[in-house]
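Novice: Submitted below is the structure of interest, expressed as structure tokens.
Rule-based calculations on the coordinates, nothing more; no lab input. Predicted model only: the values in this text are computed from it and were never measured. Every residue, glycine among them, receives a Cβ derived from its backbone with ideal geometry; neighbour counts consider all protein chains shown.
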Amino acid sequence: MKALRILAALFLLSGACLSGHALYLHAKAELAGILIRRAWEQSVGSGEPHAPWSWADTHPVGRLRIPRLGYDEIVLEGATPRTLAFGPARLMSGAEMGEAGNVVLAGHRTSWFRSLEGIAQGDAIEMEWFDAQGGLHSRNYRVDLIRVTDPKDVALLGPTADDALTLITCYPFGSRPTSPMRFVVRAVPVGAERAAGGESVKRAVAKAASFSGA
């Protein structure tokens, strides 16, 4: 009986530790979000990058909104694995905020870019950034193309002659153990949409299923 009581106590202790760890991670994520938004506001006010915490190797560079999806997140600089744990981030290989060309943003399929599962052709996207004078700038985009691609197909991530905003995440969405494909959304500044629009999500998913032999 004594052994059973000890075993039960160990199970309870393990459960408490796991619950405590989960609560700690949640609180850490909430605090990080608050600090990142505060750093964004400081950056907009001063025109200079502000790290969200003293040892951070990233800083906010923009604010991404997709009104129809209720999406509103601060974009961080440098899409490294560490940075992507705290928010969507800009790929350094793409254009910088406010610079001509293709601005490329990445985010996790389970969190920051999970909302892209509901995006549709023609959806409005709003992008804000700041300049060295402390000025806040914005640009309105409209979704022009939605595509599920092979990870080796990086054509949509490359430079463009015209201004564009590209969002990329792994696919399928959610907490599945594998994500062999990539989900790419291309948006163009309002007024610059192509005459023939891009693919719908339904068509893109169908193409991906055909590609993978599903």
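Novice: Given 0.36 nm per residue, what is the gain on full extension from Arg176 to Arg82 after removing their alpha carbon distance, in nm?
Specialist: Here the answer is 31.8 nm.
Novice: Let me ask something else. Would you kindly derive the ³J(HN,Hα) couplings of the range 64-77 from the backbone phi angles with the Karplus curve 6.51 cos²θ - 1.76 cosθ + 1.60 (θ = phi - 60°), listing them in order in whole Hz, with x for Gly and Pro?
Specialist: Each residue's phi maps through the Karplus curve to give 10, 10, 10, x, 4, 8, x, 8, 7, 9, 7, 9, 9, 8 Hz.
Novice: Let me ask another. With θ set to phi - 60° and the Karplus curve 6.51 cos²θ - 1.76 cosθ + 1.60, what are the ³J(HN,Hα) couplings of the range 90-104 in order, to the nearest whole Hz, using x for Gly and Pro?
Specialist: 7, 6, 5, 6, x, 5, 7, 4, x, 8, 5, x, 9, 7, 10
Novice: Between Leu136 and Asp72, what is 0.36 nm times their sequence separation minus the Cα-Cα distance? Round to one decimal in nm.
Specialist: Net length gain for the segment: 21.4 nm.
Novice: For a quick protection proxy, order the peptides 153-161, 34-42 by their average other-Cβ count within 10 Å, most packed first. Please list the in-between numbers first.
Specialist: On the way: 153-161: 13.3, 34-42: 16.9.
Ranked by mean Cβ neighbours within 10 Å, highest first: 34-42, 153-161.
Novice: Right, here's the next one. Where in the range 150-176 is the amide nitrogen less than 17 Å from a point lying 7 Å along the Cα-to-Cβ axis of Leu91?
Specialist: 150-172
Novice: Give the separation of the Cα centroids, the range 82-156 to the range 35-64, in Å.
Specialist: One Cα centre to the other: 17 Å.
Novice: Which stretch or stretches of the range 168-191 have amide N atoms under 14 Å from the point lying 7 Å from Thr110's Cα along the Cα→Cβ direction?
Specialist: The answer is 170-180, whose backbone nitrogens lie closer than 14 Å to the label point.
Novice: Here is a further query. For the range 30-212, compute the orientation-averaged projected area of the C-alpha convex hull (one quarter of its surface), in nm².
Specialist: Values: hull surface 42.3 nm².
So the Cα hull casts an average projection of 10.6 nm².
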